[in-house]
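Asks: One structure, as structure tokens, below. Some questions next.
Coordinate-derived values only; no laboratory data. All values reported here derive from a predicted model rather than from experimental measurement. Cβ sites come from the backbone with ideal geometry, for glycine too, and all protein chains shown count toward neighbours.
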Amino acid sequence: MTDLTTLEADVLAQVAAAGDLAALDAVRVSALGKTGSISGLLKTLGAMSPDERKERGAAINVLRDRVQSALNDKKAALEAAALDARLASETLDLTLPAPHRRRGSVHPTMQTMDEMIAIFAEMGFAVAEGPDIEDDFHNFTALNFPEKHPAREMHDTFFFNPKESGERMLLRTHTSPVQVRTMVSQKPPIRIIAPGRTYRCDSDATHTPMFHQVEGLVIDKGIHMGHLKWTLETFIARFFETDAVTTQFRPHHFPFTEPSAEMDVQCDRSGGEIKIGQGTSWLEILGCGMVHPNVLRACGIDPDEYQGFAFGMGVDRLGMLKYGMPDLRDMFSSDGRWLDHYGFSAFAAPNAASGLS
Ligand code: PHE
């Protein structure tokens, strides 16, 4: 008769010696598998007398349970060791410098535009919009441009090929066509700003073929130049976050305003940097004026009953001034390093409560 104690010692020694999960499984099959040594013993019980079977059967079951639990323990130990080895081989040295990963940011032009919208919204202006592709009527004719005005010429305006009707669409050269669209579709009083893209065939340090403007339009009874001046001076002080900004109005000409003016901001340009609120230089930032009676008439508004003022300012230029960028063209060159440096967090949305910049 097989000596159970010897068999147990033998199988347990094999379990202890198994170096990996495959070897351990082979030991399990050889002892507890269908034709394994312990399973073989259980098969001999049938030929025994009931008394013998009772005693011998109990002993074999004890042996089987001991072997099974030794197999379980060893399996758990081998798995833990395998995991430890894997963790050791896959370690990551967190003390090494992390590789540079560019994160998206809000473009300074968009941040500046949002700041401007926040300030004008606080002053009671609503936002209006118009299409980038305009027709001659909205961009020029309704704005009182004479037929042969130089701004209609090819060197300033991007024209599309003529349609069959002969009409030439164009990329709007300013946001002023939104004035026309608003006056045609709304009744006074009107108080809107129109932020958007504009296009002119021009490129140097302070001009890009595509740039951004914020147009402003106020139409009501008894509106005069004083309202215009207060609105713009209040805006500039809020935008640059200082009351120390000095501005000047210079007479100018626009076909759609009369009188017309340009507004300059006093600044210091010594030392290759532009500083606001000091210095002896002036920088032009916007065009403005009282809406021309011909424009009001073209839009179906009686100039004897209503007056208004309008202005158009360069968003990119104002951003450039506020955030100290030396060249306007860099703004649209999609250079990741430039965007890293000048971009804004998407969580820094300007509003009157938490600050504008
Ligand atoms: N549209 C003018 C420009 O682009 C600016 C302007 C707007 C001037 C409104 C007067 C009134 O230069």
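Asks: Between the range 108-128 and the range 201-251, what's the alpha-carbon centroid distance in Å?
Replies: 13 Å
Asks: If the cut-off is 24 Å between C-alpha atoms, which lysines fall inside it for K275, apart from same-chain ones fewer than 8 positions away?
Replies: K229, K322
Asks: Here is a further query. Please state the relative contact order of the range 108-342 as a whole percent: Cα pairs under 8 Å, 6+ residues apart?
Replies: Values: 448 pairs, mean separation 49.3, N = 235.
So the answer I get is 21 percent.
Asks: Relative to the longest principal axis of the chain, what angle (0 to 90°, nearest 10) does the C-alpha long axis of helix 21-32 take?
Replies: On a 0 to 90 degree scale, this one is about 40.
Asks: Three principal axis extents, largest first, for the C-alpha atoms of the range 238-353, in Å?
Replies: 53, 35, 32
Asks: How much length, in nm to one decimal, is gained on full extension between K221 and A85, taken as 0.36 nm per residue of separation minus their Cα-Cα distance?
Replies: My answer for the length gained is 40.6 nm.
Asks: I'd like the FRET efficiency for E167 and T247, computed as 1/(1 + (r/R0)^6) with the beta carbon distance as r and R0 of 30 Å, rounded to 0.05.
Replies: That pair, E167 with T247, gives E of 0.15.
Asks: Measuring from label point to label point, each 7 Å out along Cα→Cβ, what is the E52 to S345 span in nm?
Replies: 8.6 nm
Asks: Next question. Taking H as built 1.01 Å from N, whose amide H comes closer than 5 Å to the amide H of V106, not counting residues under 5 places away?
Replies: F344, S345, A346
Asks: Please identify, among A22, A142, A128, the residue showing maximal mean-square fluctuation in a Gaussian network model of the chain using a 10 angstrom Cα cutoff.
Replies: For the chain, modelled as a Gaussian network with Cα springs under 10 Å, the answer is A22.
Asks: Report, as a whole number in µm² per second, the diffusion coefficient that Stokes-Einstein gives for the range 2-89 at 25 °C and 0.890 mPa s using the Kirkwood radius over alpha carbon pairs.
Replies: In µm²/s, the coefficient is 174.
Asks: Sorted by average packing, counted as other Cβ atoms within 10 angstrom per residue and highest first, what order do 255-264, 208-217 take?
Replies: Ranked by mean Cβ neighbours within 10 Å, highest first: 208-217, 255-264.
Asks: Rounded to the nearest 500, what is the 222 nm mean residue ellipticity of the chain from helices alone, with -39500 (n - 2.57) per DSSP H run of 4+ residues and division by all residues?
Replies: -12000 deg cm²/dmol
Asks: Can you list residues whose amide H is under 5 Å from F145's amide H, if they're 5+ apart or on another chain and H is modeled 1.01 Å from N?
Replies: Residues meeting the amide H criterion: none.
Asks: List every residue whose amide H lies under 5 Å from the amide H of A194, counting only residues 5 or more places away in sequence or on a different chain, with H placed 1.01 Å from N in the peptide plane.
Replies: A128, E215, G216
Asks: Here's a follow-up. Write down the Kirkwood hydrodynamic radius of the chain, to one decimal in angstroms, obtained as one divided by the mean of 1/r over all alpha carbon pairs.
Replies: Here the Kirkwood hydrodynamic radius works out to 27.0 Å.
Asks: Give me the dipole magnitude in Debye, nearest 20, for the range 1-149 about the Cα centre, with unit charges on the beta carbon: positive for Lys and Arg, negative for Asp and Glu.
Replies: So the magnitude is around 1500 debye.
Asks: So if I place +1 on the C-beta of Lys and Arg and -1 on the C-beta of Asp and Glu, and nothing else carries charge, what would the dipole magnitude of the range 108-342 be about its Cα centre? I want it in debye, nearest 20.
Replies: 220 debye
Asks: With no solvent and one equal point scatterer placed on each C-alpha of the range 102-223, evaluate the Debye formula and give log10 I(q)/I(0) for q = 0.14, 0.21, 0.23 Å⁻¹, two decimals.
Replies: -0.70, -1.24, -1.34
Asks: Continuing with the same structure: Given a Förster distance of 30 angstrom, what is the FRET efficiency for R101 paired with E284, based on the Cβ-Cβ distance and rounded to 0.05?
Replies: Working from the Cβ atoms, E equals 0.15.
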